[in-house]
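S.K.: Structure provided below as structure tokens; questions to follow.
The values are calculated or read from the model by the stated rules, or taken from the named source; none is laboratory data. Here the structure is a predicted model, which is why all the values come from computation and not from measurement. With ideal geometry, Cβ positions are generated from the backbone for all residues, glycine too; neighbour counts draw on all protein chains shown. We work out accessible area using only protein heavy atoms, side chains counted, and drop any ligands, DNA or RNA first. Shrake-Rupley method; radii C 1.70, N 1.55, O 1.52, S 1.80 Å.
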Amino acid sequence: MAKSGTTTQGLRAAIERSGYYPALVAEAVEAAVGGEAVASYVVHQETTFDANEVRRHVTVLVLTPHRFIVSHTDEQAADTSSPTPYATTSTESVKLDRISSVVVSRVVANPESYTPGTLPREVVLTIGWGAVSRIDLEPAACGDSNCDADHGYTGNATADDLSLRVSEAGDGPDTVRQTLVFAQALSEAIAATAAPAR
């Protein structure tokens, strides 16, 4: 379930409502935010199925006047490194001027009859700041089908630091709407940071 809002108290309440280790998640997020004001946030809990296990994890995105903060918490079953179940939480703080891309992909049903303002049935928010890049390579070839020369490789490099997928069916329409609100707030903050001073 995702929640979006604009206050530190609202952020804490959304983390508590998620019900996913709220004391642990809130402490990590609040330490990363520090004394800055919260401009916008999204709390997204997701359940995944891994072989015979059900795993939950939560992602918290926070926008402050100067930074984008992402926190992710996963739970793990007992294993050889720990006799009891455990959770891992991490936070990353990124200055707004480091963010290189904000991609919002919308999936819309019946596009021929789309009405502006209608919520998409699914949204994927991808944010890149250069911490993680994916390179897809394949052998290069020329147009000659009889050529057996080595033409090297060709490929694409893609920034892929964070990808958050929400859907109306799985998360509800409010979650889709809130993710779009956060994406717009982040895009506007980045544009304001890049604008020349007057």
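S.K.: Please find, among E46, E16, the residue that is of a type in the set (D, E, K, R) and touching a helix residue (DSSP H, G or I) at 6+ places or on another chain (Cβ under 8 Å). Lay out the reasoning, then the answer.
M.R.: Working: E46 fails: touching a helix residue (DSSP H, G or I) at 6+ places or on another chain (Cβ under 8 Å).
The conditions single out E16.
S.K.: Still on this model: For the range 98-113, give me the residue count where each residue is exposed (fewer than 10 other Cβ atoms within 10 Å of the Cβ) and at negative phi. Full working, then the answer.
M.R.: So the first thing to find is which residues in the range 98-113 are exposed (fewer than 10 other Cβ atoms within 10 Å of the Cβ), and the list is 110-113.
Narrowing further to those that are at negative phi: 111-113.
Summing the residues that are exposed (fewer than 10 other Cβ atoms within 10 Å of the Cβ) and at negative phi in the range 98-113 gives 3.
S.K.: Could you please tell me which pairs satisfy a Cβ distance under 9 Å, a separation of 6+ or placement on different chains, a first residue in the range 175-193 that is without any contact (Cβ under 8 Å) to a residue 12 or more places away in the chain, and a second residue that is of a type in the set (A, V, I, L, M) and open to solvent by 20 Å² or more (accessible area, probe 1.4 Å)?
M.R.: Q184/V104
S.K.: Let me ask you something else. Restricting the range 134-168 to residues that are in contact with a Lys or Arg (Cβ under 7 Å, 6 or more places away or on another chain) and modelled with pLDDT of 80 or more, which is least open to solvent (accessible area, probe 1.4 Å)?
M.R.: S167
S.K.: Can you name the residue in the range 30-46 that is within 10 Å of T8 (Cα to Cα) and touching a residue at least 60 places away in the same chain (Cβ under 8 Å) and, of all such residues, is farthest from the chain's Cα centre (by Cα)?
M.R.: Step by step, filter the range 30-46, then rank; the result is A39.
S.K.: Further, regarding this structure: Of all residues in the range 98-108, which are within 26 Å of E122 (Cα to Cα) and outside any strand (DSSP E or B)?
M.R.: Just the residues of the range 98-108 that are within 26 Å of E122 (Cα to Cα), to begin with: 99-108.
Those that are within 26 Å of E122 (Cα to Cα) and outside any strand (DSSP E or B): I99, S100, V108.
S.K.: Among the numbered criteria (1) farther than 30 Å from T193 by Cβ; (2) exposed (fewer than 14 other Cβ atoms within 10 Å of the Cβ); (3) not small (G, A, S), which one does Q9 miss?
M.R.: Condition (1) is where Q9 drops out.
S.K.: Enumerate the strands (runs of 3 or more DSSP E) found wholly within the range 22-97, keeping only those where 1 or more residues are among the small types (G, A, S) and surrounded by 13 or more Cβ atoms within 10 Å (Cβ to Cβ).
M.R.: Values: elements: 40-50, 53-63, 67-76, 86-95.
Those strands (runs of 3 or more DSSP E) span 40-50, 67-76, 86-95.
S.K.: Kindly indicate whether T193 is open to solvent by 60 Å² or more (accessible area, probe 1.4 Å), at pLDDT 85 or above, out of contact with any strand residue (DSSP E or B) (no Cβ under 7 Å at 6 or more places or on another chain) and not in a helix (DSSP H, G or I).
M.R.: Numbers: open to solvent by 60 Å² or more (accessible area, probe 1.4 Å): yes; at pLDDT 85 or above: yes; out of contact with any strand residue (DSSP E or B) (no Cβ under 7 Å at 6 or more places or on another chain): yes; not in a helix (DSSP H, G or I): no.
Spelling it out, it is not the case that T193 is open to solvent by 60 Å² or more (accessible area, probe 1.4 Å), at pLDDT 85 or above, out of contact with any strand residue (DSSP E or B) (no Cβ under 7 Å at 6 or more places or on another chain) and not in a helix (DSSP H, G or I).
Rundown of residues vs (1) closer than 24 Å to P22 by Cβ; (2) at pLDDT below 95; (3) not basic (K, R), yes/no style:
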position	(1), (2), (3)
P83	no, yes, yes
A87	yes, yes, yes
T91	yes, no, yes
K95	no, no, no
S105	no, no, yes
A109	no, yes, yes
R121	no, no, no
